[in-house]
């Protein structure tokens, strides 16, 4: 029960508490009876008003038909069937056709789910910077995948499962990478303000005029890759203030999620590099052990051959002595 009148609420609470914890009295004062009746009447009226409000809202409300700019832009999508994450992963599994390496299974599952949720969002708009970001992410995460040929298959299955043409993404990523080649930090910042033309300036202009533009992780990683392309030091402490400057002052959007995503990128990169170093060390140790085993086998073979040679010499010597003795007797 909700009471807008605070005094009535506490009065009702007092009355109910008194009746609950004291013995019922056969005599109730006239004043108390009037006050309790007023409280009950006010409560009934308020509940009736709340019920009427709910009924009015329920009757008039229609999905996607609200009187807002958002509803006017995206209202036609109301009620449409959206593929679930489970269905997207099932499509990915069917497209791939083989099992993902156990060490990469959780990571690949997360990539498929995250990418699907981004793509099915009504506000999502793919641009070359986003394409650069997703390609950079996949290259980083799958760089050390054991079966080289499976890496390409995983990428293809991912894009098919979320309904994106892989060739288009690769072409878009190459377009902005080629444009950024030879550019300076100042050139990138000028493009982010919409100056100078080029794909990045077009992206920035579209972002600024779109009230409902949606940031996603791959867009942030695309900015990180641009920083790498122009020769910036790839360290999270160096990238953070630049990301903040680009997102807030150049694009006019919040930098918090983008900075968090850049930190996550470097954290994962450092872990993968550490894992790669450990795998190389293990590989070196295994090769060293194999070389030692081969060396031991070679030495054993040489010793065996030496023994065999000595044995043959002894046999030949004994045979010669036997012939000499036989000749002497004759």
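The values are calculated or read from the model by the stated rules, or taken from the named source; none is laboratory data. What you see is a predicted model; the values in this text were computed from it and never measured. For neighbour counting, all protein chains shown are included, and Cβ atoms are generated from backbone atoms with ideal geometry for every residue, glycine included.
Does the stretch 163-170 contain any residue that is in contact (Cβ under 8 Å) with a residue 24 or more places away in the chain, in a loop (DSSP other than H, G, I, E, B) and in the same structural domain as residue 223 (by TED's automatic domain parsing)?
yes
Is it fair to say residue 89 is over 24 Å from residue 222 (Cβ atoms), touching a residue at least 40 places away in the same chain (Cβ under 8 Å) and in the same structural domain as residue 171 (by TED's automatic domain parsing)?
Working: over 24 Å from residue 222 (Cβ atoms): yes; touching a residue at least 40 places away in the same chain (Cβ under 8 Å): yes; in the same structural domain as residue 171 (by TED's automatic domain parsing): yes.
Yes, satisfied.
With 80, 143 as the choices, which residue is modelled with pLDDT under 95 and closer than 25 Å to residue 229 by Cβ?
Of 80, 143, the one residue that is modelled with pLDDT under 95 and closer than 25 Å to residue 229 by Cβ is 143.
For residue 110, all conditions in the list (1) touching a residue at least 12 places away in the same chain (Cβ under 8 Å); (2) in a helix (DSSP H, G or I) hold save one; what is the number of the exception?
(1)
What residue, of 222, 194, 198, is closer than 23 Å to residue 178 by Cβ and at pLDDT 95 or above? Quick ask: steps written out before the conclusion?
On the way: 194 fails: at pLDDT 95 or above; 198 fails: at pLDDT 95 or above.
Just one listed residue meets the conditions, 222.
Looking at 212, 219, which one is part of a loop (DSSP other than H, G, I, E, B), under 30 Å from residue 73 (Cα atoms) and either in contact (Cβ under 8 Å) with a residue 40 or more places away in the chain or not assigned by TED's automatic domain parsing to the domain that holds residue 138 (or both)? Break it down stepwise before answering.
On the way: 219 fails: part of a loop (DSSP other than H, G, I, E, B).
Exactly one of 212, 219 is part of a loop (DSSP other than H, G, I, E, B), under 30 Å from residue 73 (Cα atoms) and either in contact (Cβ under 8 Å) with a residue 40 or more places away in the chain or not assigned by TED's automatic domain parsing to the domain that holds residue 138 (or both), namely 212.
Return yes or no: is residue 304 part of a helix (DSSP H, G or I), surrounded by 10 or more Cβ atoms within 10 Å (Cβ to Cβ) and not assigned by TED's automatic domain parsing to the domain that holds residue 195?
On the way: part of a helix (DSSP H, G or I): yes; surrounded by 10 or more Cβ atoms within 10 Å (Cβ to Cβ): yes; not assigned by TED's automatic domain parsing to the domain that holds residue 195: yes.
Criteria met by residue 304.
Of the numbered conditions (1) free of Cβ contacts under 8 Å to residues at least 12 places away in the same chain; (2) over 19 Å from residue 135 (Cβ atoms); (3) touching a helix residue (DSSP H, G or I) at 6+ places or on another chain (Cβ under 9 Å); (4) assigned to a helix (DSSP H, G or I), residue 196 fails exactly one; give the number of that condition.
With respect to (1) free of Cβ contacts under 8 Å to residues at least 12 places away in the same chain; (2) over 19 Å from residue 135 (Cβ atoms); (3) touching a helix residue (DSSP H, G or I) at 6+ places or on another chain (Cβ under 9 Å); (4) assigned to a helix (DSSP H, G or I), residue 196 is out only on (4).
Take the residues in the stretch 77-93 that are closer than 22 Å to residue 215 by Cα and in a helix (DSSP H, G or I), then tell me which one is nearest to the chain's Cα centre (by Cα).
85
Restricting to the stretch 94-106, and then to whatever is outside any loop (DSSP other than H, G, I, E, B) and surrounded by fewer than 15 Cβ atoms within 10 Å (Cβ to Cβ), can you tell me which residue is modelled with the highest pLDDT?
Out of the qualifying residues, it is 94.
For the stretch 172-193, give me each residue that is exposed (fewer than 14 other Cβ atoms within 10 Å of the Cβ) and free of Cβ contacts under 8 Å to residues at least 12 places away in the same chain.
Scanning the stretch 172-193 gives 178, 182, 186.
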